[in-house]
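Let me begin by presenting the structure, written as structure tokens, before commenting on it.
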Number of protein chains: 2
Amino acid sequence: MSDLPDSIVLVEEGPREGAQSEPAGIPLDAKIRLIEGLAAAGLGEINCCSFVDPKRVPQMADAEEVAAAILRRPGVRYTGLWLNERGFERARRTQLDLVGNLVASASEAFGRRNNNRGPEELLAQQRRMAERYREAGVPLGSAYVFTAFGCAFEGEIQVRQVERAAAGLLEIFADYGDPAEALYLCDTVGWATPLQIERTVGAIRDRWPEQPLALHLHDTRGSGLANAFAGLKLGVRRFDASCAGLGGCPFAGEGAAGNICTEDFVFLCEESGVSTGVALDALIECAREIEAAVGQPLPGKLMKAGGLARFR
Amino acid sequence: MSDLPDSIVLVEEGPREGAQSEPAGIPLDAKIRLIEGLAAAGLGEINCCSFVDPKRVPQMADAEEVAAAILRRPGVRYTGLWLNERGFERARRTQLDLVGNLVASASEAFGRRNNNRGPEELLAQQRRMAERYREAGVPLGSAYVFTAFGCAFEGEIQVRQVERAAAGLLEIFADYGDPAEALYLCDTVGWATPLQIERTVGAIRDRWPEQPLALHLHDTRGSGLANAFAGLKLGVRRFDASCAGLGGCPFAGEGAAGNICTEDFVFLCEESGVSTGVALDALIECAREIEAAVGQPLPGKLMKAGGLARFR
């Protein structure tokens, strides 16, 4: 009846992308508690902070402090994000687990706005970063294709645009002898629907059958978990998600667009027989704590309703 | 690639089940505006109010006023809910479009708590109500099976429990010569997952292949739209939903459990090539207005992000 995977890997984005999208930011101690709570709940990979310009992203101004304060748990990968050489140098001076991810945009217009570069320039920069990671002894990580399902600047995205962006990135991985840990298809602006997931993931899987795929989904228009489930059915085994749906605070107004909610997705997976390695009640507790720290209701549902264990 | 239906019917539950679940209730004029706005947006069937004990459900104390104030739009069915003879008599004195729905519970424990009756008594009562509808010249409507996917009092629900409850109801419809407009499977307490939808809807469809099916889903744990999409893929063509996700206000605390959000589901359908007959922008406007009337953020996502028409 089901061709779902036995297990998946969840990458927690709450402390990084989630916190970055909360207008008022999250206090340092709440971030630390969240990261440590998530690791204790069984999340194996946590994106902790961004090394970006604190003038542009004040929510991430404490990146070094976050990285320094985490009480590390064995077996957990604590990662960070950076966009350029300068951010990478900041990240290197921390205790975080560095991996060199490479990025491209299916939408040329988005790439120009987000990374200030055309597709060829962006690819050339990624190759320079790969070189830099080799020099620095940092392994390559995953390949990210932004706007794989639609773009607010360009509109519809064709599968061939996704393929082209992915091909450019995977070539760099091949040249550097590291297979990409995952090829991420990102629904950057929340346009995806399950049929589109089927179409795009299906095409990418057909072209690169050996390449593990991952999904980075936003719940901008409510279809996030339906999309994630469509991905599961296609055998996708790696997903980004954000505890409590952090980053999608309903007070953030138009454009509020958090990642899919970690504990809601864990619930869906575990109820569907897909193991996540996460203790749901402990994760719900993290979600409730971070909601209290934000001081506004966050979009996660399960943290309000609770799981089903108590009824069985 | 897709076996989705060409079109579906949406039944709007916001003014009834949604409003009933908002702790502070909704002012009368906001209810009227909502109902009229929904009809103007293209919703063809709107559940407007409940004729229940105002002492127990003060949010519905204005049922008669709601029913009297609606400026009716041709072609729209304006319905109401009642639980017993007394409520039915109240509804009969209004201008609403009465249909005699019949209900059963897959979970015996839930039936005893919710309807204060064991399964045989509940069925006997439903038969008396069918008799009463015949006398009153009110056509039979749909058959509702509550707790079809799980029960907070009884735990897991087996497909055969759903079949038994459905069989009892459909026998009454057969005896009265009216086919049930739809056989509703209700995820009353928000336990369903897509695999469970596939399993249960699949079994019911196999047993009654000619019987149109419908889903009444709650988004209690975040899987609501994933479940609805699973239903769509199985050819279900009738769904209840609540504008703005009314009834699932995040301030309502534990147990907040609105129906799936109408406009989020309309978006998912229309983007998937399934016609709903609803004008999305007008519906979003209704959602924003009712959120303003509630004075707290409601769970609907699309009303915050907007549709995609402006990007294309």
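The values are calculated or read from the model by the stated rules, or taken from the named source; none is laboratory data. Just so you know, these numbers come straight off a predicted model, no measurement behind them. Glycine also receives a Cβ, built like all others from the backbone with ideal geometry; neighbour counts cover every protein chain displayed.
Descriptive notes on the structure:
- Against the list (1) free of Cβ contacts under 8 Å to residues at least 60 places away in the same chain; (2) more than 9 Å from chain A (Cβ to nearest Cβ); (3) touching a Ser or Thr at 6+ places or on another chain (Cβ under 8 Å); (4) among the small types (Gly, Ala, Ser), the condition B:Ser242 fails is (1).
- For the stretch B:167-184, the condition holds for no residue, the condition being that it is under 21 Å from A:Ala230 (Cα atoms) and touching a helix residue (DSSP H, G or I) at 6+ places or on another chain (Cβ under 6 Å).
- A:Phe265 meets each of the listed conditions (1) facing chain B (nearest Cβ under 8 Å); (2) modelled with pLDDT under 95; (3) crowded, with 21+ Cβ neighbours inside 10 Å apart from (2).
- Residues satisfying the stated conditions in the stretch A:38-57, i.e. among the small types (Gly, Ala, Ser) and assigned to a strand (DSSP E or B): A:Ser50
Quick grid of which residues meet (1) closer than 22 Å to A:Arg164 by Cβ; (2) assigned to a loop (DSSP other than H, G, I, E, B); (3) acidic (Asp, Glu):
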site: A:Tyr78; (1), (2), (3): no, no, no
site: A:Asp97; (1), (2), (3): no, yes, yes
site: A:Ala104; (1), (2), (3): yes, no, no
site: A:Asn114; (1), (2), (3): yes, no, no
site: A:Arg127; (1), (2), (3): yes, no, no
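- Filter result for B:Gly177 (within 21 Å of the chain's Cα centre (by Cα), surrounded by fewer than 21 Cβ atoms within 10 Å (Cβ to Cβ), more than 12 Å from chain A (Cβ to nearest Cβ) and not charged (D, E, K, R)): no
- Residue that is buried (at least 23 other Cβ atoms within 10 Å of the Cβ) and at positive phi, where the choices are A:Gly150, A:Gly137: A:Gly150
- Of the criteria (1) assigned to a helix (DSSP H, G or I); (2) touching a Ser or Thr at 6+ places or on another chain (Cβ under 6 Å), which one A:Asp29 fails: (2)
- The lone criterion from (1) more than 11 Å from chain B (Cβ to nearest Cβ); (2) over 24 Å from B:Val266 (Cβ atoms) left unmet by A:Asp187 is number (2).
- Taken over the stretch B:215-234, residues that are facing another protein chain (nearest Cβ under 7 Å) and in a helix (DSSP H, G or I) amount to 3.
- If the condition is being under 18 Å from A:Gly118 (Cβ atoms), among the aromatic types (Phe, Trp, Tyr) and within 14 Å of chain B (Cβ to nearest Cβ), then the stretch A:144-166 contributes only A:Phe153.
- Failed criterion for A:Phe110 (all others in (1) more than 21 Å from A:Ile35 (Cα to Cα); (2) surrounded by fewer than 21 Cβ atoms within 10 Å (Cβ to Cβ); (3) without any contact (Cβ under 8 Å) to a residue 60 or more places away in the chain hold): (3)
- Failed item in (1) at pLDDT 95 or above; (2) in a loop (DSSP other than H, G, I, E, B); (3) facing chain A (nearest Cβ under 7 Å), with B:Ala256 passing the rest: (1)
- Residue that is under 26 Å from A:Pro139 (Cα atoms) and of a type in the set (A, V, I, L, M, F, W, C), where the choices are A:Ile26, A:Ile46: A:Ile46
- Scanning the stretch B:286-305 for residues that are in contact with a helix residue (DSSP H, G or I) (Cβ under 7 Å, 6 or more places away or on another chain), more than 10 Å from chain A (Cβ to nearest Cβ) and surrounded by fewer than 24 Cβ atoms within 10 Å (Cβ to Cβ) gives B:Arg288, B:Glu289, B:Ala293.
- Only one of the numbered conditions (1) outside any loop (DSSP other than H, G, I, E, B); (2) crowded, with 20+ Cβ neighbours inside 10 Å; (3) at pLDDT 95 or above is violated by B:Ala68, and that is (2).
- Applying the condition of being within 11 Å of chain A (Cβ to nearest Cβ) and buried (at least 17 other Cβ atoms within 10 Å of the Cβ) to the stretch B:271-285 and asking which residue is farthest from A:Gln196 (Cα to Cα) yields B:Ile284.
- Residue in the stretch B:144-162 that is basic (Lys, Arg), farther than 21 Å from B:Asn259 by Cβ and touching a strand residue (DSSP E or B) at 6+ places or on another chain (Cβ under 9 Å) present: no
- Here B:Phe110 meets the list (1) out of contact with any Cys (no Cβ under 7 Å at 6 or more places or on another chain); (2) modelled with pLDDT under 95 almost entirely, failing just condition (1).
- Verdict on A:Leu169 being under 25 Å from B:Gly307 (Cα atoms), of a type in the set (A, V, I, L, M) and either at the interface with chain B (Cβ under 8 Å from one of its Cβ atoms) or buried (at least 24 other Cβ atoms within 10 Å of the Cβ) (or both): no
- Residues of the stretch A:186-199 that are in a helix (DSSP H, G or I) and buried (at least 24 other Cβ atoms within 10 Å of the Cβ): A:Pro194, A:Ile197.
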